[in-house]
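The values are calculated or read from the model by the stated rules, or taken from the named source; none is laboratory data. This one's a predicted model, so the numbers in the text were calculated from it and none came from an experiment. Positions of Cβ are generated from backbone atoms using ideal geometry, with glycine treated the same way; all protein chains shown enter the neighbour counts.
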Amino acid sequence: MTTIQSILIAIVEGLTEFLPISSTGHMIIAEKLLDVPATDFTKVFTVAIQLGAILAVVAMYWKKFFDFKSWPFYIKLIVGVIPALIFGLLFSKKIDLLLESALTVSISLLLGGIILLFIDGLFKSPSIHSEKEVGFKQAAIIGLWQCIAMIPGASRSAASIIGGMQQKLSRNTAAEFSFFLAVPTMLAATGYKLFKYFKETGGFTENEIQLLAIGNLVAFIVALLAIQFFIGFLKKYGFRIWGIYRIVVGVVMLLLIWQGIIK
């Protein structure tokens, strides 16, 4: 992987992490189009730079994350992240294999897009309009929904937001809680991937450390802009347009795979 490739992939990550279109799926597509070698480091890079984007949430909502008097907020995040920790450990090897599959990404994008076409009409009467109203049981259920995103192309953002709306959260509250829940989820996923790679290879090379640093920085900066855009867009237009986008990308991907352009 070159520096230019790492920057381009990080831009894709920052733009797509908080949109319901699958950042992992788009990074896999970008890697295929950029002809990035499918190495163990590439898999680590794809996961690790998501942390950079997620930390943009901490920067934007820093008062919330560092209000240590509000202990229920932290407990909810811990409860919400437990399902991902369990499923991640149980199915780590299978998830790694799926990260190499452009076909899995294209099918997930397509099916997820069809679902998003109808989401706004399914959940019309929310009763929860702030994070403080979210209970521990609801946090756990949203955490279970988030596990769907372990399938590349499914979208962590889409899965957790839909899970939130299914639990009677308003669109905005579901989106914000999805952002909050992403922080411990990606901290755990990145830490696990980095530790596993370090243990298996004996350490990171200077070039790999540089690529991870650049990737996380670029993803962080781009994500700051993307969060503000998504919240405003979601309030005004809902999910239907993202469903259409996913269907188009999924169909194009299938055609490219069929033609042998993407393997």
Q. Of the residues F73, F68, F87, which single one is among the aromatic types (F, W, Y), over 14 Å from the mean Cα position of the chain (by Cα) and part of a loop (DSSP other than H, G, I, E, B)?
A. F68
(Q) Looking only at the stretch 1-59, how many residues end up being over 26 Å from I247 (Cα atoms), touching a helix residue (DSSP H, G or I) at 6+ places or on another chain (Cβ under 7 Å) and outside any helix (DSSP H, G or I)? (A) 1
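Can you tell which of I29, I11 is farther than 30 Å from G135 by Cβ and crowded, with 19+ Cβ neighbours inside 10 Å?
On the way: I11 fails: crowded, with 19+ Cβ neighbours inside 10 Å.
Residue meeting the stated conditions: I29.
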Q: Select from the stretch 95-150 the residues that are acidic (D, E) and at pLDDT below 90 and list them in ascending order.
A: D96, E100, D120, E131
Q | Count of the stretch 133-162 residues which are more than 27 Å from I247 (Cβ to Cβ), touching a Leu at 6+ places or on another chain (Cβ under 9 Å) and not charged (D, E, K, R) | A | 4
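Return the only residue of F45, F68 being among the aromatic types (F, W, Y) and either within 28 Å of L256 (Cα to Cα) or modelled with pLDDT of 90 or more (or both).
On the way: F68 fails: either within 28 Å of L256 (Cα to Cα) or modelled with pLDDT of 90 or more (or both).
Residue meeting the stated conditions: F45.
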Q) For F195, all conditions in the list (1) under 13 Å from the mean Cα position of the chain (by Cα); (2) over 22 Å from I11 (Cα atoms) hold save one; what is the number of the exception? A) (1)
Q: Take T201 and decide whether it is surrounded by fewer than 16 Cβ atoms within 10 Å (Cβ to Cβ) and in contact with a helix residue (DSSP H, G or I) (Cβ under 8 Å, 6 or more places away or on another chain).
A: yes
**Q.** Output for the stretch 116-139, where each listed residue is touching a residue at least 40 places away in the same chain (Cβ under 8 Å), surrounded by fewer than 16 Cβ atoms within 10 Å (Cβ to Cβ) and within 29 Å of S92 (Cβ to Cβ)
**A.** F136
Q: For residues that are touching a helix residue (DSSP H, G or I) at 6+ places or on another chain (Cβ under 8 Å), of a type in the set (S, T, N, Q) and not in a helix (DSSP H, G or I), scanning just the stretch 140-194, find the one that is surrounded by the most Cβ atoms within 10 Å (Cβ to Cβ).
A: S155
